[in-house]
Amino acid sequence: MFELIHETATGAMPKLTVFGVGGCGCNTINQLSQVNLPSSVELISVNTDAQAMAATSSHYRIQIGPQTTKGLGAGAKPDVGCAAAIESAQALTEQMQHSDIVFLTAGLGGGTGTGALPQVAKLARELTKPVIAVVTMPFSFEGQHRKTNAEAGLQELLESANAVIVLPNDKLAEVLGAKVTLLNAFKESNKILQDVLLGLANTISQAGLINIDLNDFISVISRQGRAAMGVSCLQGDEDLISAVKRAMQHPLLDNIELNQAQAAIVSVVAKDTIELSQYNQIGATVHEQLPRDALVIIGLTIDPNLESELEIMVIATGIGFTPPEIQDPIQAVNDNYINVHDFIKRQAISIAEPAPSKFDLENLQIPTYLRQQKPQAH
Ligand SMILES: Nc1nc2c(ncn2[C@@H]2O[C@H](COP(=O)(O)OP(=O)(O)OP(=O)(O)O)[C@@H](O)[C@H]2O)c(=O)[nH]1
Ligand SMILES: [Mg+2]
């Protein structure tokens, strides 16, 4: 499971491609472009709305569905967003061909992100790329229509992507306080993708003392269903167990049952004074929160210049994926909607109940690698 040297099959650094789809997705890409990301991360903005996309800073831009929408956006209609992605499937596929891991992000509830994101995930899966999606759910005040569209889009995404991280926008006000400005609230939510990306890029691009192999990594993030991620740092006399637990549930994430997770990656960055007992305690705390048979991979990188005692990033995957209802399995098989293996798998998956969040934002601390970021020109 652990290797001291880590490379892809081609010997190059693993390539992470991030597609930001629709207005919210492009906002996130824009924010990411201000951060000093590793050179192995490629940012791609995708939108039907040509004007909005022109203002986005990224490595590549793909205007999807020029025939379908004439560059004017999908008008809050997911079927238009879906048609646009299908029209531009070739351009999308070309941009993901050389990628090792595909990240997708969008705000669900509108037309482009909601309709196109599941299609982009399908294209990546056709190329057998592991797909992690980070999506927002609309504020309650945006109304039932957007909510219904967002829920349908999420269900489709859960069927086509692997790990799906869900951020309900309502939590922004709940956690950050009603007085937070909309812009700052959006920044906080978009920062979660930033944290996931930087955490993952650092984990798989640094040769750690106990290194996480790309294949192990992919086997964790390939688990289908909801995912949770978080980061925390241990400072001073703080209790290690609570720092690990804080990393295991981000307050802005949708409430999910970690005790249903199938797998987790834990990336630890520590000073060279880390004790064996501390390393063991991190592993034990993560294992305690997950089912007994969950796959847990823990990597360790030593950084003598670390500002805090220790930094921890956790991603838990494979949580409570609810497959679509199958009325008549025999008819479904006859209709070629599913094959027998899919049917057995779907019957075996259980439904997750949400659990209340226990953490507040004040307790979140920002890891050093995020604090040390410098603006990057594109
Ligand atoms: N957290 C966060 N949410 C956003 C942001 N921008 C938009 N949203 C949310 O995302 C949902 C979808 O909005 P957009 O991304 O603008 O929609 P779109 O995918 O471009 O769809 P159309 O414009 O209808 O084609 C909205 O209903 C908001 O709830 C953002 O920057 N951050
Ligand atoms: Mg839009």
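Entry remark, region 242-282: residues being open to solvent by 10 Å² or more (accessible area, probe 1.4 Å) and over 24 Å from VAL135 (Cα atoms) number 13 in total. Quick one: is GLY110 closer than 26 Å to ASN169 by Cα, within 15 Å of ligand 2 (Cβ to nearest atom), open to solvent by 10 Å² or more (accessible area, probe 1.4 Å) and not polar (S, T, N, Q)? Yes; evaluated as a whole, the condition is true for this residue.
Give ASP213, ASP237, ASP195 a once-over and let me know the one that is surrounded by fewer than 17 Cβ atoms within 10 Å (Cβ to Cβ), among the acidic types (Asp, Glu) and at pLDDT below 90.
After applying the criteria, what remains is ASP237.
Is it true that some residue in region 98-105 is of a type in the set (Gly, Ala, Ser) and more than 16 Å from ligand 2 (Cβ to nearest atom)? Yes: region 98-105 contains one or more residues that are of a type in the set (Gly, Ala, Ser) and more than 16 Å from ligand 2 (Cβ to nearest atom).
Yes or no: GLU142 modelled with pLDDT under 95 and under 21 Å from GLN34 (Cα atoms)? Steps first, answer last, please.
Working: modelled with pLDDT under 95: yes; under 21 Å from GLN34 (Cα atoms): no.
The answer is no for GLU142.
If you check every pair at least six apart or on different chains, which have Cβ atoms under 8 Å apart with a residue in region 294-308 that is modelled with pLDDT of 90 or more first and a residue that is of a type in the set (Gly, Ala, Ser) and open to solvent by 20 Å² or more (accessible area, probe 1.4 Å) second? Note: pairs meeting the criteria are LEU295/SER219.
A search for C-beta distances below 7 Å between a residue of region 13-33 that is part of a helix (DSSP H, G or I) and open to solvent by less than 10 Å² (accessible area, probe 1.4 Å) and any residue that is more than 9 Å from ligand 1 (Cβ to nearest atom) and of a type in the set (Val, Ile, Thr), counting only pairs 6+ apart in sequence or on different chains, returns GLY25/VAL46; GLY25/THR105; CYS26/THR56; THR28/THR105; ILE29/VAL18; ILE29/THR56; LEU32/VAL18. Number of residues in region 52-88 that are open to solvent by 60 Å² or more (accessible area, probe 1.4 Å), in a helix (DSSP H, G or I), among the hydrophobic types (A, V, I, L, M, F, W, C) and touching a helix residue (DSSP H, G or I) at 6+ places or on another chain (Cβ under 9 Å): the value is 1.
Out of LEU117, LEU104, I need the residue that is within 14 Å of ligand 1 (Cβ to nearest atom), modelled with pLDDT of 95 or more and part of a strand (DSSP E or B). Which one? Working first, answer last.
Details: LEU117 fails: part of a strand (DSSP E or B).
When all the criteria are applied, what remains is LEU104.
Can you tell me which residue within region 191-241, out of those that are part of a helix (DSSP H, G or I) and among the polar types (S, T, N, Q), is nearest to LEU104 (Cα to Cα)? Taking the candidates together, the pick is GLN194. So in region 57-101, with the set limited to residues that are away from ligand 1 (no atom under 16 Å from the Cβ) and in contact (Cβ under 8 Å) with a residue 60 or more places away in the chain, which one is farthest from ASN190 (Cα to Cα)? Of everything passing the filter in region 57-101, HIS98 is farthest from ASN190 (Cα to Cα). From the list GLY225, GLY230, the one residue that fits, being touching a helix residue (DSSP H, G or I) at 6+ places or on another chain (Cβ under 8 Å) and at pLDDT 90 or above, is GLY225.
Of all residues in region 148-182, which are farther than 21 Å from PRO251 by Cα, part of a helix (DSSP H, G or I) and away from ligand 2 (no atom under 16 Å from the Cβ)?
Step one: filter region 148-182 for residues farther than 21 Å from PRO251 by Cα, giving 148-149, 152-153, 155-162.
Retained after the next criterion (residues that are part of a helix (DSSP H, G or I)): 148-149, 152-153, 155-160.
Within region 148-182, THR148, ALA152, GLN155, GLU156, LEU157, LEU158, GLU159, SER160 meet the criteria.
The values are calculated or read from the model by the stated rules, or taken from the named source; none is laboratory data. Keep in mind it's a predicted model, so treat the numbers as computed, not measured. Positions of Cβ are generated from backbone atoms using ideal geometry, with glycine treated the same way; all protein chains shown enter the neighbour counts. Each accessible area value is taken on the protein alone, full model and side chains, heavy atoms only, with ligands, DNA and RNA left out. Shrake-Rupley method; radii C 1.70, N 1.55, O 1.52, S 1.80 Å.
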